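All of the numbers you see were taken from the coordinates with simple rules; none came from a lab. Small disclaimer: the values here were computed from a predicted structure and weren't measured. Here the Cβ is made from the backbone with ideal geometry for all residues, glycine too, and neighbour counts use every protein chain on show.
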Amino acid sequence: MESSTVAREAIDLLNKLGAAPPFAAQGSLVARSPIDGLTVGHLPEASADDVRRTIEQAHAAYLIWRSVPAPRRGELVRLLGEELRRSKEDLGRLVTIETGKILSEGLGEVQEMIDICDFAVGLSRQLYGLTIATERPGHRMMETWHPAGVCGIVTAFNFPVAVWCWNAALALVCGDAVVWKPSEKTPLTAYAVQAVMERALARFAAAPLGLAGLVQGGRAVGEVLVDHPKVAVVSATGSTRMGRDVGPRVAARFGRCILELGGNNAAIVTPSANQDLALRSIAFSAMGTAGQRCTSLRRLFVHESIADGFIAKLRNVYASVSIGDPSQPSTLIGPLIDAAAYEAMEKSLTEAQALGGKVHGGGRVDRALPSAYYVTPALVEMPGQQGPVLRETFAPILYVIRYRDLTDVIAMHNGVPQGLASSIFTTDIQEAETFMSSAGSDCGIVNVNIGPSGAEIGGAFGGEKETGGGRESGSDAWKGYMRRTTNTINYSRDLPLAQGVKFDVG
Ligand code: NAD
């Protein structure tokens, strides 16, 4: 184990959180902090047999849990919310250490876990089906929702704890057991969350063993989870590349997938926009979390009549942000997760330049930490939507493109393979409604006068096209974790068949 200041703080926090990661010098999983780029410790990865055992245990737990009344299941999630409230400060700090996001975002991520627990507790009394009119006299038709089984949860590095909770809180009240495969880049926060969960389980007392399992490791560990026939639902969050592999594998065994994949999110600034509000929203959406949110703003379309002045103001905003240690309150932009993220950023900027893009910013900030990757966020004025603008580069790059006509810009907005989050800045109701209409944005999240990132848990979260089509979190996303039965009950003494079919015997 290393003993840098950051590593020592991580170990202290893990101790305070009651988590005891099995550090072992020969472990193939490397826990590190992007703050200084140094290793915190090595950890073992789960073997394929470990994963299968965890799934079998979860399945046995599900067979018991499915018969526990849903409001009682909600009590477990209520306790989880309580434990998270107690652990918020320490867990939030650990998120900052392991991901490099600023402390208010680290804490905000834990708050999001608490919010979804509260939501799920209420939901545990509202897992309702419909009563449906039937064509047959003396009959009643209704639908009932039942637990689906084991829910496998695969998560990405950038929201290392909240995404588990979006899934687990809903899945547990829905009567599923869960098995979590966190990102190999964030094993420490996963151990910490598991310790918090264990405390909630211990207080609940009657929870079946193995109800919430954790398997640590990389892609190979995820694949065992994805392929297992006893995992009824796979909820996978990560890159489109990952989804392209996971989706067909789960489909091949007729399992169910909730895919939450990459985005290439855009905003349109119209001539009537409140520019001050737009500038502040764009700053958070494009530079917040160092551009490492799935909903980060990556493309900005500015009307040509206001473009010169607006881009000049935006450049001033970009020049004003503080980059550095994410645990310092004055910092707005922390480090990128690793060297690969930095290399991807540089590659996209070079490509953009070759296509005629004018690059402002970008490049590494010298902090005398060779393995930590602090960058200046980049604004790139592009002549059109091409090359790297069409893909997600998980870094703070904002491509700015001028437009003339709303219909054309909506077509350009939708002209990328991804479909997660979008927004328009306007005070013109026709423009706002058009953007939200069926002829408007083709994304799963469509906002007006706020940026594309920073969603609340009450709405369904997810996107279309290469973003995968999954929905998590609020609204009726819970249905993804349950199976629906349709029930027809005959309370008459006759047997009329549907569609007037006659089949009289005897
Ligand atoms: P990633 O795709 O590299 O890894 C995500 C997770 O998938 C990790 O746990 C990884 O081990 C696992 N994995 C990878 N290949 C797998 C396979 N074949 N089978 C099973 N598991 C596999 O993503 P990342 O770099 O950790 O995260 C960044 C990406 O995640 C970005 O593209 C971002 O947009 C996306 N993301 C999407 C959402 C959303 O809700 N849409 C939320 C957060 C992040």
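Quick one: dipole size for the chain, taken about the Cα centre, charges +1 on Lys/Arg Cβ and -1 on Asp/Glu Cβ, in debye to the nearest 20.
So the magnitude is around 1020 debye.
If you put +1 on each Lys and Arg Cβ and -1 on each Asp and Glu Cβ, how big is the dipole of the range 392-461 around its Cα centre, in Debye rounded to 20?
Working: 2 positive and 8 negative charges, 35 e Å.
Dipole size: approximately 160 debye.
Which lysines have a Cα lying under 20 Å from the Cα of K16, excluding residues fewer than 8 positions away in the same chain?
Once the sequence-local lysines are set aside, what remains near K16 is K88.
Please work out the C-alpha center-to-center distance from the range 439-481 to the range 227-285 and express it in whole Å.
Answer, in whole Å: 9.
Determine the relative contact order of the chain: mean sequence separation of Cα pairs under 8 Å and six or more apart, normalised by residue count, in whole percent. Please report the intermediate quantities before stating the final value.
Values: 1141 pairs, mean separation 90.5, N = 506.
Averaging sequence separation for qualifying contacts and normalising by length gives 18 percent for the chain.
Per 10 Å bin from zero, what fraction in whole % of the C-alpha pairs of the range 148-205 is there, up to the bin with the longest pair?
P(r) over the range 148-205, rounded to whole percents: 23, 55, 21, 1.
Mind pulling up the Rg/Rh value for the chain? Radius of gyration and Kirkwood radius, both on Cα. Kindly include the intermediate steps, with their values, before the conclusion.
On the way: Rg = 24.5 Å, Rh = 24.1 Å.
Using Cα coordinates only, the ratio equals 1.02.
For the range 353-506, take the convex hull of the Cα atoms, compute a quarter of its surface area, and give me that in nm², please.
18.1
Counting pairwise Cα distances across the range 202-252, what percent come out greater than 13 angstrom? Write down the numbers at each step before the final one.
Numbers: 841 of 1275 pairs.
Percentage above 13 Å: 66.
What per residue convex hull volume, in Å³, comes out for the range 274-331 when only alpha-carbon positions are used?
Working: hull volume 5.0 nm³, N = 58.
It is 87 Å³ per residue.
Using Cα pairs closer than 8 Å and at least 6 residues apart in sequence, work out the relative contact order for the range 265-448, in percent. Could the numbers behind the result be given before it?
On the way: 325 pairs, mean separation 50.5, N = 184.
Value for the range 265-448: 27 percent.
So for the range 419-469, averaging the separation of alpha carbon pairs under 8 Å that are six or more residues apart and normalising by length, what relative contact order in percent results? Could you put the intermediate results ahead of the total?
Values: 72 pairs, mean separation 23.3, N = 51.
For the range 419-469, the relative contact order is 46 percent.
According to the Kirkwood expression over distinct Cα-Cα pairs, how big is the hydrodynamic radius of the range 319-413, in Å?
Details: mean 1/r = 0.0690 Å⁻¹.
Computed over Cα pairs of the range 319-413, the Kirkwood hydrodynamic radius comes out at 14.5 Å.
Tell me, what are the semi-axes, in whole angstrom and largest first, of the equivalent ellipsoid of the range 265-448 as set by the roots of 5 times the Cα gyration tensor eigenvalues? Mind showing how you got there, number by number?
Details: eigenvalues 152, 57, 46 Å².
Ellipsoid half-lengths, sorted descending, are 28, 17, 15 Å.
From the residues N274, G419, I311, which one has its Cα farthest along the dipole of the range 265-448 in the positive direction, the dipole being from +1 and -1 charges on Cβ of Lys/Arg and Asp/Glu about the Cα centre?
In the range 265-448, that residue is I311.
If the chain between D476 and N490 were fully stretched, how many nm would it gain, using 0.36 nm times the residue separation less the Cα-Cα distance? Before the final figure, lay out each step's value.
Numbers: separation 14, 0.36 × 14 = 5.04 nm, distance 2.95 nm.
The span from D476 to N490 would gain 2.1 nm if fully extended.
Identify all aspartates and glutamates with a Cα-Cα distance to K347 below 17 Å; exclude those on the same chain that are fewer than 8 residues away in sequence.
K347 reaches D338, E381, E392.
Need one word for the range 421-471: rounded, prolate or oblate. Basis is the Cα gyration tensor (sqrt eigenvalues a ≥ b ≥ c); a/c below 1.5 gives rounded, then a/b vs b/c decides.
Values: a/c = 2.46, a/b = 1.49, b/c = 1.65.
Oblate shape, in that a/c is at least 1.5 and b/c is the bigger or equal ratio.
Please give the direction-averaged projected area of the C-alpha convex hull for the range 6-139, in square nanometres with one decimal. Write down the numbers at each step before the final one.
Values: hull surface 50.8 nm².
Seen from a random direction, the Cα hull of the range 6-139 projects 12.7 nm² on average.
Using 0.36 nm per residue of separation minus the Cα-Cα distance, give me the extension gain between S47 and R125 in nm, one decimal. All intermediate terms of the calculation are to be shown ahead of the outcome.
Details: separation 78, 0.36 × 78 = 28.08 nm, distance 3.84 nm.
Gain on stretching S47 to R125: 24.2 nm.
So which helices of the chain fit the span-like rule, where a helix is a whole DSSP H run, its Cα atoms reach 15 Å or more along the axis, and its mean Kyte-Doolittle is at least 1.0? Display every interim value, and only then the final one.
Numbers: long enough: 5-16 (16 Å, 0.02); 48-65 (25 Å, -0.27); 70-99 (36 Å, -0.65); 103-123 (30 Å, 0.70); 162-173 (17 Å, 1.70); 187-204 (26 Å, 0.56); 240-252 (18 Å, -0.48); 275-287 (17 Å, 0.70); 307-320 (20 Å, 0.20); 339-354 (23 Å, -0.26).
TM-like helix candidates: 162-173.
Cα-Cα pairs above 15 Å in the range 93-193: how many percent? Show your work: numbers first, answer last.
Details: 3399 of 5050 pairs.
That fraction is 67 percent.
Assuming 1.002 mPa s and 20 °C, estimate D for the range 214-343 with Stokes-Einstein, Rh taken as the Kirkwood radius over Cα pairs, in µm²/s. Don't skip to the answer; put the middle values down first.
Values: Rh = 17.8 Å.
Rounded, D is 120 µm²/s.
Which value at 222 nm does the chain reach when only helices count, each DSSP H run of 4 or more adding -39,500 (n - 2.57), with the total divided by all residues and rounded to the nearest 500 deg cm²/dmol? Before the final figure, lay out the partial values.
Details: 13 runs with 193 residues, N = 506.
Taking each H run of at least 4 residues, the total per residue is -12500 deg cm²/dmol.
Taking the Cα centroid of the range 357-390 and of the range 134-174, what is the distance between the two, rounded to the nearest whole Å?
The range 357-390 and the range 134-174 have Cα centres spaced 40 Å from each other.
Note down the magnitude of the dipole of the range 265-448 about its Cα centre, charges +1 on Lys and Arg C-beta and -1 on Asp and Glu C-beta and zero elsewhere, to the nearest 20 debye.
Computed charge dipole of the range 265-448: roughly 340 debye.
Tell me, what is the FRET efficiency for R483 and A24 to the nearest 0.05, using R0 = 45 angstrom and their Cβ-Cβ distance as r?
Working: r = 40 Å, r/R0 = 0.90.
E between R483 and A24, to the nearest 0.05, is 0.65.
How big is the equivalent ellipsoid of the range 162-268 along its three axes, where each semi-axis is √(5λ) from the Cα gyration tensor, reported in whole Å from largest to smallest?
Working: eigenvalues 121, 60, 39 Å².
In descending order the semi-axes read 25, 17, 14 Å.
Relative to the present Cα-Cα distance, how much length would full extension add between F503 and Q328 at 0.36 nm per residue of separation? Working shown, then result.
On the way: separation 175, 0.36 × 175 = 63.00 nm, distance 7.73 nm.
Extra length available between F503 and Q328 comes to 55.3 nm.
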